[in-house]
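> Let me begin by handing over the structure; questions about it come next.
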Amino acid sequence: MNFKKTIAKILLDLIPVAIGVYVGILGSNWNESQKTIEFKDRTIERIKKEIEKNKGLILEVKDYHVMVNEKIKKMPRIESPKDTISLGFWRGLRIPRLQKSAYQTAIQTGIIGEIKIDLLEKINEAYLQIDLYNQFRNTASQGLYAKDFSDTKNLNKIASFLGVTMVDLYYLENEIIEKFKTCLSEIDKTSKE
């Protein structure tokens, strides 16, 4: 009989401890969940700011790219060294390097997996465009630097290269701005939910 009473007393003493441990674990899990939600929200806000900054960088140079294309289209062909051309409008390619550090941080920390799938798709589409833009920037720069500026015979080829580059850039910049707008709209929609 004493043995049964002892076991019952031990079990009765363990129940509050077990409940306390269980409630403590639930509280800890809830606390961690709240921290994850806060970190995810801060990450999305950083991604939003990064996309807005990249959009601003493109908008700063977009009109310049259109103007360069128009000027190149109107330039006369160079037939001899005597032909002079005015390149007073030229200020370089001016293709900015778009940033993606907030996105990379989200991937590296694993928080990207906490973002709703609809929003994540829009973010991925925007950053794919950033990759394409940065690759285009590198290719255009390398293509221009490879040209021989010392020979006037090459100036028509250089002008053609720049014209094609500016046209391609025009379409790429329009496409990326639309992807940015869609992504930013999805971020705003998601943050209101």
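The values are calculated or read from the model by the stated rules, or taken from the named source; none is laboratory data. Here the structure is a predicted model, which is why all the values come from computation and not from measurement. A quick note on method: Cβ atoms are made from the backbone with ideal geometry, for glycine too, and the neighbour counts reach across all protein chains shown. Please note that ligands, DNA and RNA were not included when accessible areas were found on the heavy atoms of the full protein model with its side chains. Shrake-Rupley method; radii C 1.70, N 1.55, O 1.52, S 1.80 Å.
> What size of dipole, in debye to the nearest 20, comes out for the chain about its Cα centre when the only charges are +1 on Lys and Arg C-beta atoms and -1 on Asp and Glu C-beta atoms?
Here the chain has a charge dipole of around 280 debye.
> Apply the Kirkwood formula to region 28-72: the hydrodynamic radius equals the inverse of the mean of 1/r over all pairs of different alpha-carbon atoms; give it in Å with one decimal.
13.3
> Right, here's the next one. Regarding region 1-54, what whole-number volume in Å³ per residue does the convex hull of its Cα atoms give?
35
> I've got another one for you. Please quote Rg/Rh for region 79-167 to two decimal places, taking the Kirkwood radius as Rh and restricting both calculations to Cα atoms.
Answer for region 79-167: 1.22.
> If you don't mind, there's one more thing I want to ask. Considering only protein heavy atoms and a probe of 1.4 Å, how much of the accessible area of the chain is carbon and sulfur, as a whole percent?
Carbon and sulfur: 57 percent of the exposed surface of the chain.
> OK, next. Could you compute Rg(Cα) / (2.2 N^0.38 Å) for region 69-131, with N its residue count?
Relative to the rule-of-thumb radius for its length, region 69-131 sits at 2.06.
> If each DSSP helix of 4+ residues adds -39,500 (n - 2.57) and the sum is divided by the residues in the chain, what number results at 222 nm, nearest 500 deg cm²/dmol?
One gets -28500 deg cm²/dmol as the mean residue ellipticity at 222 nm.
> Let me have the relative contact order for region 50-172, percent, based on Cα pairs under 8 Å that are six or more residues apart.
Rounded, it is 42 percent for region 50-172.
> Right, here's the next one. Among [x] 85, 42, 24; [y] 62, 47, 23; [z] 119, 32, 21, which one is Cα extents along the principal axes in Å computed from these coordinates?
Matching the structure shown: [z].
> Given springs between every Cα pair under 10 Å in a Gaussian network model of the chain, which of Thr182, Thr139, Thr43 has the largest fluctuation?
Thr139
> Report, to two decimal places, the Cα Rg of region 1-108 normalised by 2.2 N^0.38 Å (N = number of residues).
In units of the globular-protein estimate, region 1-108 measures up at 2.63.
> Enter the accessible area per residue of region 86-193 (Å², integer; probe 1.4 Å; all protein chains in place).
Spelled out: the 1.4 Å probe surface of region 86-193, per residue, equals 57 Å².
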